[in-house]
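The values are calculated or read from the model by the stated rules, or taken from the named source; none is laboratory data. Since the structure is predicted, the reported quantities are computational estimates derived from the model, not experimental observations. Methodologically, a virtual Cβ is constructed for each residue, glycine included, from the backbone with ideal geometry; neighbour enumeration extends over all protein chains shown. Note: areas computed on protein heavy atoms with side chains; ligands, DNA, RNA excluded. Shrake-Rupley method; radii C 1.70, N 1.55, O 1.52, S 1.80 Å.
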Amino acid sequence: APEGHGKKTSPDGGVYDGEWRAGAPDGHGKMTFADGSVYDGEWRAGKPHGRGKMTLADGAVYEGEWKAGMEHGRGTLTCANGAVYDGEWRAGAPDGHGKKTSPHGRVYDGEWPAGAPQGNGKMTVAAGKRQDRARRAGTPAGPGKALARPSAGHPTRQRGRKTRGDAPAAWPPPPRAH
């Protein structure tokens, strides 16, 4: 079983270069996967664990904390389309407080239990309009304040209720980084 520092190529063409313990990546190392994705960071028992950066072949990048091979703790995911989630992660999904910026400039800053914006948060659209309200399953729910009118100057309807301001549709959670 490899110990210390070394380089190994897997049967599928992936290459790991870094520290080994008991025959598995353990410590600091860099894995270049067969599809071109790269993880550079800390490993424990053959899985990303600690601080690290995963760059996917499509250009998406997650940089932050890992636990047992999944995003866990504080981290930032920048998607290939320009969307960015910066916040807390648990078991590979946004969970806790975080901020997501869409490629079009919409920003949601609030709670993300189980990968979807829920609870209290603030939505700001590109024009600077802001909405403070509770969210359920990613959509506005319950009482809240829209702090600006839509650009057309007319109230909008969300689930049959009149609201003032931008009331965007559900915003899916960011994709997993591996």
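The table that follows gives values for the structure above.
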quantity: Per residue value of the accessible surface for region 20-96 (all protein chains in place, 1.4 Å probe), Å²; calculated: 46 Å²
quantity: Over 26 Å between alpha carbons, listed pairs Lys7/Lys99; Lys7/Lys47; Lys30/Lys100; calculated: Lys7/Lys99; Lys30/Lys100
quantity: Residues in region 44-77 that a label on Ala24 would reach, taking backbone N under 15 Å of a point 7 Å out along Cα→Cβ; calculated: 44-50, 67-70
quantity: Segment Asn81-Asp12, extension gain: residue separation times 0.36 nm, minus the distance between their alpha carbons; calculated: 22.0 nm
quantity: Within the accessible area of region 10-53 (1.4 Å probe), percent carbon and sulfur; calculated: 51 percent
quantity: Accessible carbon and sulfur surface of region 72-132 relative to its total accessible area, %, 1.4 Å; calculated: 49 percent
quantity: Probe 1.4 Å - accessible area at Met70, Å² to nearest ten; calculated: 70 Å²
quantity: Rg/Rh (Cα only; Kirkwood hydrodynamic radius) as it applies to region 52-92; calculated: 0.95
quantity: Compactness of region 5-86 - radius of gyration and Dmax, Cα, Å; calculated: 12.7, 40
